[in-house]
1. Taking 2.2 N^0.38 Å as the expected size of a compact globular protein, what ratio does the Cα radius of gyration of the range 166-240 give against it, to two decimals?
2. How large a share of the accessible area of the range 126-224, in percent, is made up of carbon and sulfur atoms when the probe is 1.4 Å and the other protein chains stay in place?
3. Provide T77, T236 ordered by accessible surface of protein heavy atoms (probe 1.4 Å), highest first.
4. Run the quick spin-label model on F16 and R251: label points 7 Å from Cα toward the beta carbon, then report their separation in nm to one decimal.
5. Of the heavy-atom accessible surface of the range 1-108 (probe 1.4 angstrom), what whole percent is carbon and sulfur?
6. How big, in percent, is the set of alpha carbon pairs in the range 1-141 lying more than 22 Å apart?
7. Exposed loop trypsin sites (Lys or Arg not before Pro) only (DSSP loop, at most 14 other Cβ atoms within 10 Å): please give the longest stretch of the chain free of them, not including the sites.
8. If you take the beta carbon distance between K88 and Q67 as r and set R0 to 30 Å, what does 1/(1 + (r/R0)^6) give as a FRET efficiency, to the nearest 0.05?
Amino acid sequence: MQNPPAIHFNGIEQVFKGAGSAPIHALTALDFTVGRHEFVSVLGPSGCGKSTLLRLLAGLIQPSAGQVEVFGNPVTTPRDDVGIVFQKPTLLPWLSVIDNVTFPIKHKQGRVGEAHRKRGYEMLDLVRLGDFADKQIDELSGGMQQRVGIARALLLDPDILLMDEPFSALDALSRDEMSLELLRIWHERPKTVLFITHSIPEALLLSDRIIVLSERPGTVRDDIIVPFDRPRSLETMADPRFNEMANSIRRRLFSHPVNAAAGGMA
């Protein structure tokens, strides 16, 4: 029997009903899968439901119709095998770096045992922050803080990593650096990754596949296989095919007049 995919969005409809306002139809007839250890990015116009996908997969909300599955099992509540990296790392400034990394264990179990603390130090080494374990958060740059967020998400060794525009607040150089760091981490510790981004080059550099969503209500408009060999580097972006693919995706995204006017992609 064939193993189920790591992630399956199966006929998802998502409608948000606001008090005293018209319902917002966020997603419709949405279907796609992600294989184990596959890196899949999601692109689409602003407001098309990209972040809603992550909330559904994280078990934070339930679909209005359809089913979200992880390894063949319906997602009904938050799961320990799904880690999340947010757009902002939401670190606690009164805790040290290592205490921020191990905070999920403290929150869940009331204390952090030696094994989990050791694991925290290992994750800081993985994101190249081992020398900063005892520093305070305000002593770190924005990129370093985001690395702390990644280390925290990896603490429980989740099978699936959800990333919601994690580098969007960084400057261009830091963003390139973090993209390369993420490639290195993913190569050293393979995970199934669902990555939300507004950057076409970022998606091409990182991903095995790119899911392009339509305008709201979001549905799958394109499912694009990225053909570049791994390992990848900034030199990958100098490949003529890279710019050709980026321009092709951009044309598809902006083919509708509303998309072009909205300027929803970077």
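The values are calculated or read from the model by the stated rules, or taken from the named source; none is laboratory data. All of these numbers come straight from a predicted model, not from anything done at the bench. Positions of Cβ are generated from backbone atoms using ideal geometry, with glycine treated the same way; all protein chains shown enter the neighbour counts. Note: areas computed on protein heavy atoms with side chains; ligands, DNA, RNA excluded. Shrake-Rupley method; radii C 1.70, N 1.55, O 1.52, S 1.80 Å.
1. On the way: Rg = 13.0 Å, N = 75, 2.2 N^0.38 = 11.3 Å.
Here the Cα radius of gyration is 1.15 times the empirical estimate.
2. Working: 1640 of 3580 Å².
Carbon and sulfur atoms account for 46 percent of the accessible area of the range 126-224.
3. Details: T77 75, T236 20 Å².
Largest accessible area first, the list is T77, T236.
4. Once both label points are built, they end up 3.4 nm from each other.
5. On the way: 2920 of 5250 Å².
With neighbouring chains kept in place, the figure for the range 1-108 is 56 percent.
6. On the way: 5269 of 9870 pairs.
When all Cα pairs of the range 1-141 are counted, 53 percent exceed 22 Å.
7. Working: sites that count: K17, R111, R128.
With trypsin sites (Lys or Arg not before Pro) excluded where exposed in loops, the chain gives 129-266 as its longest stretch.
8. Details: r = 30 Å, r/R0 = 1.00.
That pair, K88 with Q67, gives E of 0.50.
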